[in-house]
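Read the figures in this text as sums done on the coordinates, not as results from a lab. Here the structure is a predicted model, which means the values were calculated and not measured. Don't worry about glycine lacking a Cβ; one is built from the backbone with ideal geometry, like all the others, and counts go over all protein chains shown.
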Amino acid sequence: MTYVLKINGKSHKVDVNGETPLLWVLRDVLKMTGTKFGCGMALCGACTVHIDGAATRSCITTVDSVGEAAVTTIEAIGETPAGRKVQRAWLDQDVVQCGYCQSGQIMAAAALLASNPRPTDSEINDAMSGNICRCGTYNRIRAAIKYASEGGR
């Protein structure tokens with residue numbers, strides 16, 4: 001079936017089964033490989049994208065459920081005010097180690113700051129709790145989110 005998806009401000013026509021996870025449409029059909037496959041069960045957060053601004057696990061979100069919603073991926077998050085702050089903070093705070101989970105971490109952090117510009121440590125922990133980092137950079141992630149919420153440099 002043909003679907004028209006609004007991704008990063010542009011319309012993309014895709015011919016896929018409606019049950020296809022958005023993750024695979026992004027990666028395999030549209031060749032947008034910034035969103036990562038981690039677990040396939042919405043447990044790790046590597047596949048996080050925004051759907052109408054909400055952090056959403058693309059590995060379990062079917063294409064037919066997206067409808068006319070706006071999808072934002074890591075490729076375009078820097079075009080949003082919160083995304084720019086988070087990306088700058090990630091660099092300034094030297095968050096990344098191996099980097100595999102970071103697109104999902106950044107997407108979750110940007111959604112948090114877009115909805116809550118001055119989160120407490122507890123709110124940061126709650127918002128980021130579904131995102132796993134095998135390298136254990138959680139302290140740097142939390143510090144970068146606080147840094148971004150305080151305006152950075």
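Highest mobility in the GNM of the chain, judged by mean-square fluctuation with C-alpha springs under 10 Å and restricted to 65, 122, 103, is found for 122. Within straight-line reach of residue 10, meaning a Cα separation under 18 Å, sit the following aspartates and glutamates at least 8 residues removed in sequence or on another chain: 28, 52, 64, 68, 75, 79.
FRET efficiency for residue 1 and residue 39, Cβ-Cβ distance as r, R0 = 22 Å, nearest 0.05? After rounding, the FRET efficiency stands at 0.25.
With contacts defined as alpha carbon pairs under 8 Å and 6 or more residues apart, what's the relative contact order of the chain in percent?
Numbers: 273 pairs, mean separation 35.8, N = 153.
Relative contact order comes out at 23 percent.
When its C-alpha radius of gyration is set against 2.2 N^0.38 Å (N residues), the chain gives a value of 1.01. Report, to the nearest 10°, how far helix 138-149 tilts away from the longest principal axis of the Cα atoms in the chain, using its own Cα long axis and a range of 0 to 90°. Relative to the chain, helix 138-149 is tipped by roughly 90 degrees. Each Cα pair under 8 Å and six or more residues apart adds its separation to the average, and for segment 77-149 the resulting relative contact order is 44 percent.
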